[in-house]
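A.B. asks: The following block contains the structure, expressed as C-alpha cells.
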Amino acid sequence: MKRLLIILIALPILSFSQRKKDRDTSAVILQPNRIEFEMERDASEFFVVPGNQDGILVVEETGEGAKGGGFQWKLHMVDTSLQVKWSQTLVIPAGGSILGYEYFKGRFYLLFNKNQYRSEDLIVYQLSSESVEYAMYEITTVFPIDITHFESVGETILLAGYANFRPVVITYNINDRIPRVVPGFYDNKNDILDLIVDNESRLFTVILSEKMRNKKYTVRVKTFTDKGDVIQDNLIDPGERRSLLDAASTTFAGGLQYLAGTHSRKSLQYSQGFYLSKFINGQQQFNKYYPFADLNNFFGHMKPKREERIKNRIERKRAKGKIKKFNYRLLVHKILEREGEYIMIAEAYYPRYNYSTRSNNLSPYGYTPTFRNNPYFLGYKYTHAVVLAFDPNCNILWDQTFKIEDIQTYSLEENVVVSASGDRVILMYLEENEIRTKVVEGNDIVEGRTFNPVKLSFESDEVKSRDPNVEGLKKWYGKTLFAYGEQRIKNQSGIGGQTQRRVFYINKIQYDLDREFN
C-alpha cells in the first residue's frame, strides 16, 4: 500500500489551464492585428458594425451625460488594419437606446429610438467610413412599432416588426423622407421569420410563418423592390400532415429562389428533419424532406460509442421499413451560396431552467413548509451545429456536425460562423477566449476540432476574467473575420503603462484553407 501510495502521489496533476494549453491549435488560423478600447466606466457598452473593406464602426454607449441633456455615444471608425481613422461623439436623447445597425455600400446606419415610451419616434444616423460628417433622419411611424429587423437597400431604410401584435414592414426613402407601410402584412396574423436584402439587385425578401386552414403551419416568402412593390409571393405547400417551423432563403435571382428549414408533424417546438424547396418564377417545383436519421453525420458531435448505438437503432428501424424519429430544436442561419451548391447551417439548442421551492401557506402557527416548483429560465444551451450542402435539385451532397461547448445565451443567437473556400468549409465559434474551429471537405474532416487562444497585445498579458455575454465572431470581408469581447487583463511587468486594464477588444482573424495538411 505504501509503495502504491508513493506512485499515486508522484503522478503529475495537470491544472485546467495546463490541459487547455495541451489542446490542438489550428494550422489555418492567423491573428495579425488587435485593437483595444479602454473601458473607463462599468456602464460602457460596445456594438460593432462590420463594413467589408471600409472597416468596422465601433459604437460605445458611455453612460456619460451631455451638457445640453441626453447622453454621449462615442463612435470610432477603424480600418482593415485595425487603426482608428476617426472618432466623434453623438448626443442621444435621454431615454433613447440603440435598436439596430446596418452597413450598405460604404454607408453605416445606426437606428435609435428617442424615448423608450414612444416607439414610433425614431432617429437614423447615416455615416461614411471616410469622414466624421453624418446625416440624421427623424422618422415617425405614426403608430407604435416593436422593431425586430432593421436593414438598408439602395436609398431605402427598411423597418420590420409588430404593431398591435400584427406584422408590419415600413420603407423610408432617405431622399423624400416619407415612411410608407408595405401593404399585405398588417391584415394577417403571421410571424416575421427574417428580412433578407440583395444588395446587387436592390430587392428585399420577407419570410413569414403562416397558419393554414388545417391548423398546420407553412412559410410564405415575399420579394419586393426597394420602393416596396411586390414582385413575387411564394407560399410553400407542405402537404396535409406537416408543419414548416422556420425558413432560410436564397436571394431572388432571375426568378429562382431556394428555401430551407425544419419541419415537424406535430410539435411546433421540436423539428424532426429538414426540408428543401425550389421556386421558379413563383411556382413551387418541389419540396424534399430529410429526416435527421437519413443524414450521414448528424450525430457526429457525440462520443463514438453513443453515436454507434444511435446508428444501430436507426438501421434496425430501417430494416423493418420504418424511420427512426428524433426531435430537436434548431436555430436556422441564412443560406450560404457557392459554386454549384448551397450550404445550410443550423444550431441545436435546448432551454435550461432552475426549479426552486418556497413556502407560501399561512397556518395558525405561521407559515407551513409547502413546496411549489417555480421554474427560473437560465438561458439557451447549445449542443452542436449542423451543416449540409444541397445541389440545384435539392439533393443533399454532404453533411457535417460541429460540437458546441460552454455557450449559453438568454436570447437565441447565431454563434457558429461558416465560411467556404474552394471545396473546403471552416466552422468557427468563440468561447472562453478561444476560437474553436473545424475544417471539412464534403463528408471528410480535413482538420478536427481545434482551440486557438485569442491573441493578446503583449506576451506578458494574462486574462483574469471576461464577460461571456459580450463576445463573438463576425464575418468581415473575403477570408477575414474578427473576434470581439470584453476582458480584464493583468500585466505584472506594467507593459503598456498599466498592470491592470479592462478593455473591449477586436482581433482580426484570417484563415487559409488552401494549405496542405499532414
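A.B. asks: Would you list, by chain and number, the lysines whose Cα falls below 30 Å from the Cα of residue 211, excluding same-chain residues fewer than 8 positions away?
C.D. replies: 189, 222, 227, 266, 278, 288, 322, 324, 325, 334, 381
A.B. asks: Can you tell me the order of 63-69, 502-508, 402-408 when each peptide is scored by its average per-residue count of other Cβ atoms within 10 angstrom, highest first?
C.D. replies: 502-508, 402-408, 63-69
A.B. asks: If each DSSP helix of 4+ residues adds -39,500 (n - 2.57) and the sum is divided by the residues in the chain, what number results at 222 nm, nearest 500 deg cm²/dmol?
C.D. replies: Helix-only estimate at 222 nm: -2000 deg cm²/dmol.
A.B. asks: Just read off the accessible area of residue 267 with the full protein assembly in place, 1.4 Å probe, to the nearest 10 Å².
C.D. replies: Here the residue's solvent-accessible area equals roughly 40 Å².
A.B. asks: Still on this structure, I have one more. Work out how much length residue 421 to residue 166 would gain on full extension: take 0.36 nm times their residue separation and subtract the Cα-Cα distance, in nm to one decimal.
C.D. replies: Here the answer is 87.7 nm.
A.B. asks: In the range 89-157, what GluC sites (Glu not before Pro) fall in a loop by DSSP, with at most 12 other Cβ atoms inside 10 Å?
C.D. replies: Loop-located and lightly packed - 130, 133.
A.B. asks: Below 8 Å, C-alpha to C-alpha, sequence gap of six or more: please give me the relative contact order for the chain in percent.
C.D. replies: Relative contact order, the chain: 10 percent.
A.B. asks: Would you please name the trypsin sites (Lys or Arg not before Pro) within the range 150-197 that are DSSP coil residues with at most 14 other C-beta atoms within 10 Å of their C-beta?
C.D. replies: 177, 189
A.B. asks: Moving on to the next point. For the range 41-74 and the range 100-178, write down the distance between their C-alpha centroids in whole Å.
C.D. replies: Here the answer is 17 Å between Cα centres.
A.B. asks: Okay, moving on. Stretched out fully, how many nm does the piece from residue 178 to residue 378 gain, at 0.36 nm a residue minus the Cα gap?
C.D. replies: So the chain would gain 67.7 nm between residue 178 and residue 378.
A.B. asks: While we're on this one: Reported to two decimal places, what Rg/Rh ratio describes the range 33-169 when computed on Cα atoms with Rh from the Kirkwood expression? Numbers along the way, then the final one.
C.D. replies: Working: Rg = 15.4 Å, Rh = 15.8 Å.
Taking Rh as the inverse mean 1/r over Cα pairs, Rg/Rh reads 0.97.
A.B. asks: Determine which lysines satisfy two conditions relative to residue 85: a Cα distance under 24 Å, and not lying fewer than 8 residues away in the same chain.
C.D. replies: Within the straight-line limit of under 24 Å, residue 85 reaches these lysines: 74, 105, 455, 474, 475, 479, 508.
A.B. asks: Just subtract the alpha-carbon distance of residue 186 and residue 286 from 0.36 nm times their residue separation and send over the number in nm, one decimal.
C.D. replies: 33.1 nm
A.B. asks: Have a look at 201, 165, 148 and report the one farthest towards the positive end of the charge dipole of the range 127-254, computed about the Cα centre with Cβ charges (Lys/Arg +1, Asp/Glu -1).
C.D. replies: Among 201, 165, 148, the one farthest towards the positive end of the dipole of the range 127-254 is 165.
A.B. asks: A further question on this structure: Under the rule of at least 5 residues apart or a separate chain, name every residue whose amide H is placed under 5 Å from the amide H of residue 246.
C.D. replies: 262
A.B. asks: Then there's this: Once you charge only the Cβ atoms, +1 for Lys and Arg and -1 for Asp and Glu, what is the size of the charge dipole of the range 162-253 about its Cα centre, to the nearest 20 debye?
C.D. replies: Using Cβ point charges on Lys, Arg, Asp and Glu, the range 162-253 gives about 440 debye.
A.B. asks: Separate question: When the Cα centres of the range 368-440 and the range 469-504 are compared, how far apart do they sit, in Å?
C.D. replies: The range 368-440 and the range 469-504 have Cα centres spaced 23 Å from each other.
A.B. asks: Also, I was wondering about something else. For the chain, take the alpha-carbon Rg, divide it by the Kirkwood Rh, and send me Rg/Rh.
C.D. replies: Result for the chain is an Rg/Rh of 0.99.
A.B. asks: Which value in nm describes the separation of the simple spin-label points at residue 315 and residue 30, placed 7 Å from the Cα toward the beta carbon?
C.D. replies: Result for the modelled spin labels: 4.5 nm.
A.B. asks: Need one word for the range 363-518: rounded, prolate or oblate. Basis is the Cα gyration tensor (sqrt eigenvalues a ≥ b ≥ c); a/c below 1.5 gives rounded, then a/b vs b/c decides.
C.D. replies: oblate
A.B. asks: OK, next. Which distance in Å, rounded to a whole number, links the C-alpha centroids of the range 191-206 and the range 276-320?
C.D. replies: Result: 29 Å between the Cα centres.
A.B. asks: With the crude spin-label approximation of a point 7 Å out along Cα→Cβ, what separation in nm comes out for residue 117 versus residue 324?
C.D. replies: In this crude spin-label approximation the distance works out to 5.9 nm.
The values are calculated or read from the model by the stated rules, or taken from the named source; none is laboratory data. In this text, all values refer to a predicted model and were calculated from it rather than measured experimentally. Please note: Cβ atoms are built from the backbone with ideal geometry, for glycine as well, and neighbour counts cover all protein chains shown. Note: accessible area is taken over every heavy atom of the protein model, side chains too, but ligands, DNA and RNA are not part of it. Shrake-Rupley method; radii C 1.70, N 1.55, O 1.52, S 1.80 Å.
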